[in-house]
Each structure stands twice: as structure tokens, then as C-alpha cells.
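The structure under discussion appears below in the form of C-alpha cells.
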Amino acid sequence: MEQNQSNENNNVTENSQTFKNPKPTVTETSYKEFRNSEKKQKSSNSGFGKTVILPFFCGILGTVLVIGTCISVPSVKEQIIRQLVSTSPYTDSGKGGEENSSTSNINTQLISLQGYSDTGVGVAKKVQPSIVAITVEYSVNSIFNRTPSTATARGSGIIISEDGYILTNNHVINSSSSSNNSFYEIGKANKVTVKLYNDDTEYKGEIIGTDSQTDLAVIKIDKTDLTAAELGDSDSVQVGEFSMAMGSPLGLDNSVTAGIISAVNREVSDEDGNKYVAIQTDAAINSGNSGGALVNSKGQVIGVNTLKLSGTSVEGIGFAIPINATKDIYNQLIQYSKVKRPYVGISGIDLDKETAERNNLVIGVYVKTVDDFSAAEKAGMKPGDVIIEAEGKKITKMDELNEIKNKKQIGDTLKLKIYRDGKEKDITVTLQEQP
């Protein structure tokens, strides 16, 4: 189009160049040519407006109308915003605006409060029928009163089978360690009562087995067709994901609290010195929640609520035993009424660098005693030995030795390297069942 205009202008110029006078007189022929050239130029300008400018402005107007209509429709608006948010790259101004690869996969999609609420409602409806309230009665002896009295404790439990097996905490069933008051002695449970969801019937609970080391226990009620909880994979739990704690805090049956996963693989210890690798959550856990379930957004149990930190300066710090760590334990409790563990048969003291040098020893685990007829004695281990390696791994603490040992089965061998009389010696221990 521009080329045509140029040619037409050239024609006008060529015609004008035929006039040699400064103020030429226009002849009839030249006038007609000039008018034809002017009409062609106007026609060309008009064609450019129709083919380019008009469609351009129409397109802009149409786009504005479509966007305005979409924004006025909530569902469409939400999709547009969600797409914009989820596809916007995160940039780090400290790196020249380059995309931060560590955050490029972060899910930044917007969700509505209604969606979050629906998740909570759905999870509660699914899991509540699998959660029970537990009441335990104990005999309490006092140095001031020879006549035993009765004490009551409350907790929660998780139905793990349709025929009545229930997983809970050991400290719910066995409260011998729940009182530090030397004036009172708490005996074993005299009576265990279980209440199901939306059922006022009190069912008698039978203690199948308890394990103080893991703080787990299994009880059973005489009832079938129960709703067993769906167990999730606690190894796949991620920090920040949705969590809900379910149980009977302070006797308030069928209570739920929600939050997020605050940490995983958190090492904690209870009042008796037992150590756990736990899931940490900020979902409220209170007395009576023990033995209840920590669940994910799919309504799957990922942990057994066990501990909480309490105090005037503490808020939202609770712990749950990962459900994957409970499976072998509760299966053994159901089958044997106890947990069978591999056993070496020694008591040891951790030797740090200063203590080792002061006693002309090396860093490791000092063997203080060796149990009679134990696996350690049969392997030739003696008091005064220092264990420096287990299965080729350096050992500096008793906990490290136990961690390696607990991964083995009864009857497996455990290869140790010890330090004795200034020399290193290899010993192979055949693990026995812990008495």
C-alpha cells in the first residue's frame, strides 16, 4: 500500500515537472491527471483505515468486553487468577531477576476458604467413626490411707480392625509412670471402658499387650463390623501439609482440631526418658487426645497422638508417633502380647574425648556390665571393653549402638569392634530375644 502511494506521488511529481514556469498554468489534461491522483490517494488512505485501524480498535474493544464479562463470573474469575498466580515465576532480586530453581515447583495456587472448610468436614466425617474414647480405672494406694482408692484416666484410641482391635498409648492403659508423687502408688488398670462414635454403649476393653519403650498398647472389644481407620504413609509426610488431631481431650468425646505439620523426624523424650522420632504438629493436642489419630487431608491416619509441650510460654507444639513405626509393634502385641526385640546384654556408658583421655581409653561405649548367659557374654565381651564400631560404623553413644541393633532380628549377628588392653578386637554377637 505504501508502495502505491509512493508511485502515485511520483506521478504527480513527474507531471508537475513538465511545468517549467515558477507559477505554471494548469492545462485541462494536467488538471484531470492531478484530480485522478488526488482521488487515488484518498482512496488508498481510506483502504488503510478499513483494513488495519478499524479491525485493531475493534479487537481491543472485544478483548475488553470479554475480560469484563469473565471477571464478572466468579468461577471464571477464579480460574483466571489461579492461572496467573500458579504460572508466575518467582524471581530473586538478589540474583538479577533469575528464576529461583529451588522454589519453581512451589504450589502457589489460590484456594477458597470454602475448599479448605470442605476438606476439614470431609476428613472429620470419614475418620470419626474409627476413633474411640477410653476410660481406665486404677487402684491407688496412699501411705496415709491403707484402704485403696480408685482413680480414673481418659484417653483415645484408633480402631485398626473390624473385629475390635484398638491401638492406643501405653500411658493411657498403664499409668504406673503417670504420677511422680511418692505418696501414692498407682497399680495396674482394673477396668477399661470403650465408647464408640455416636454410641452411648460402654464396651469392656481387654488389654492385649503394652510396650513402654514405644508407648504403644492394643486393647480389644467384643464387637464386629467396626469401621477400621485407613492408615497412610507417614514416611511421605511433608512439612506444611494439612493435619487434623482427633480424640477425646479432657473428656470431650469426638473432638477435632486442625493445623499443619510443623516438623518431621523430630527427636523427643517423655517423662520416663523414652526417646521417640515423632511428627510435630500445631493442631491442638490436650490431655485425653493421647492414643487418638493425627490424620492428613485424605482422611488417612499418619500418626498416634502422644505428647505435647505445655507451659505458659508454649503453644501449638504437639507430637505423634508416625503410623509406619507402629505397624510392626501392634502386630507383635496382637500376636505375642509383647514386642520381641533383639538383645545384646550389656549396660554401657558413653565416653567423650575428655573422659576417654583421662582414663587412657578411646571414644566409644564403655561396657560397664555384661549380663549372665547373655549374647554378649557368649561372644566373649567383658566389662571394661570399649565398643568403637558396629557393623563397620563408628560408635560414640549407646543410642547409636541400639539404633543399629534394633534394625536386626532375633538370631541375626551383630559385628562389633572393641578396644581392650590397648588393642582392637573384632567380636560377633548372635542376638537373643530380650528377656
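The values are calculated or read from the model by the stated rules, or taken from the named source; none is laboratory data. None of these values were measured; they are calculated from a predicted model. Don't worry about glycine lacking a Cβ; one is built from the backbone with ideal geometry, like all the others, and counts go over all protein chains shown. The area values use the complete protein model at the heavy-atom level, side chains included, leaving out ligands, DNA and RNA. Shrake-Rupley method; radii C 1.70, N 1.55, O 1.52, S 1.80 Å.
Summary of computed values
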item: Selection count, the range 140-155, where residues are in contact with an Asp or Glu (Cβ under 9 Å, 6 or more places away or on another chain) and in contact (Cβ under 8 Å) with a residue 40 or more places away in the chain; result: 5
item: SER86 vs. criteria at pLDDT below 75, open to solvent by less than 80 Å² (accessible area, probe 1.4 Å) and either out of contact with any Lys or Arg (no Cβ under 7 Å at 6 or more places or on another chain) or not aromatic (Phe, Trp, Tyr) (or both); result: yes
item: LYS407 over 26 Å from LYS338 (Cβ atoms), out of contact with any strand residue (DSSP E or B) (no Cβ under 7 Å at 6 or more places or on another chain) and without any contact (Cβ under 8 Å) to a residue 24 or more places away in the chain; result: no
item: Residue satisfying condition, being under 27 Å from THR214 (Cβ atoms) and in contact with a Pro (Cβ under 7 Å, 6 or more places away or on another chain), within set VAL429, VAL370, VAL344; result: VAL370
item: Number of positions in the range 353-365 that are of a type outside the set (Gly, Ala, Ser) and in contact (Cβ under 8 Å) with a residue 24 or more places away in the chain; result: 4
item: Residues (open to solvent by 50 Å² or more (accessible area, probe 1.4 Å) and in a strand (DSSP E or B)) located in the range 127-164; result: GLU137, ASN141, ASN145, ARG146, THR147, PRO148, SER149, THR150, THR152, ARG154
item: Every pair of residues 6+ apart whose Cβ atoms lie under 7 Å, when the first sits in the range 315-344 and is touching a residue at least 12 places away in the same chain (Cβ under 8 Å) while the second is part of a helix (DSSP H, G or I) and hydrophobic (A, V, I, L, M, F, W, C); result: VAL339/ILE329; VAL339/LEU333; TYR343/ALA375; VAL344/ALA375; VAL344/ALA376
item: Hits in the range 324-345 (condition: open to solvent by 30 Å² or more (accessible area, probe 1.4 Å) and more than 30 Å from ILE159 (Cα to Cα)); result: TYR343
item: Hits in the range 218-232 - residues which are part of a strand (DSSP E or B) and within 25 Å of LYS275 (Cβ to Cβ); result: VAL218, ILE219, LEU231
item: Number of positions in the range 233-255 that are surrounded by fewer than 21 Cβ atoms within 10 Å (Cβ to Cβ) and either touching a residue at least 40 places away in the same chain (Cβ under 8 Å) or more than 26 Å from GLU162 (Cβ to Cβ) (or both); result: 12
item: Residues (more than 12 Å from the chain's Cα centre (by Cα), among the small types (Gly, Ala, Ser) and surrounded by fewer than 23 Cβ atoms within 10 Å (Cβ to Cβ)) located in the range 275-307; result: ALA284, SER287, GLY299
item: The range 103-122: number of residues that are at pLDDT 65 or above, outside any helix (DSSP H, G or I) and among the small types (Gly, Ala, Ser); result: 1
item: Identity of the residue in the range 263-274, open to solvent by 20 Å² or more (accessible area, probe 1.4 Å) and of a type in the set (Gly, Ala, Ser), that ends up farthest from GLU315 (Cα to Cα); result: GLY273
item: Tally of residues being part of a strand (DSSP E or B) and modelled with pLDDT of 90 or more across the range 168-217; result: 19
